[in-house]
1. Could you grab me the full set of residues in the stretch 26-43 that are of a type outside the set (Val, Ile, Thr) and surrounded by 10 or more Cβ atoms within 10 Å (Cβ to Cβ)?
2. Does residue 53 meet the test of being over 17 Å from the mean Cα position of the chain (by Cα), surrounded by 10 or more Cβ atoms within 10 Å (Cβ to Cβ) and without any contact (Cβ under 8 Å) to a residue 60 or more places away in the chain?
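Readers should treat all values here as calculations from the given coordinates under stated rules, not as data from a laboratory. Here the structure is a predicted model, which is why all the values come from computation and not from measurement. Note that each Cβ is placed from the backbone with ideal geometry, even for glycine, and that neighbours are counted across all protein chains shown.
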Amino acid sequence: MELFLKIAAAAVMGMMVFYAWRAYQQWQEHGPKAQKGDWQAVVLPLALVVGLVFLLVAMVR
């Protein structure tokens with residue numbers, strides 16, 4: 001029974017990768033293109049999250 005579960009889990013993961021790859025290809029073809037200033041809109045929140053995590057780690061030590 002354990003072997004069957006491993007095979008079933010591998011099949012499910014394979015199907016997930018297959019569908020995710022197809023969605024990725026469709027999104028690359030028909031998705032929105034980046035505009036000027038998009039990177040700054042992403043980097044600022046990421047920098048804030050990294051700073052918060054660093055602050056929390058520093059407070060615990």
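1. Filtering the stretch 26-43 for residues of a type outside the set (Val, Ile, Thr) gives 26-41.
Listed by number, the residues that qualify are 26, 27, 38, 39.
2. Numbers: over 17 Å from the mean Cα position of the chain (by Cα): yes; surrounded by 10 or more Cβ atoms within 10 Å (Cβ to Cβ): yes; without any contact (Cβ under 8 Å) to a residue 60 or more places away in the chain: yes.
Judged against the criteria, residue 53 is a match.
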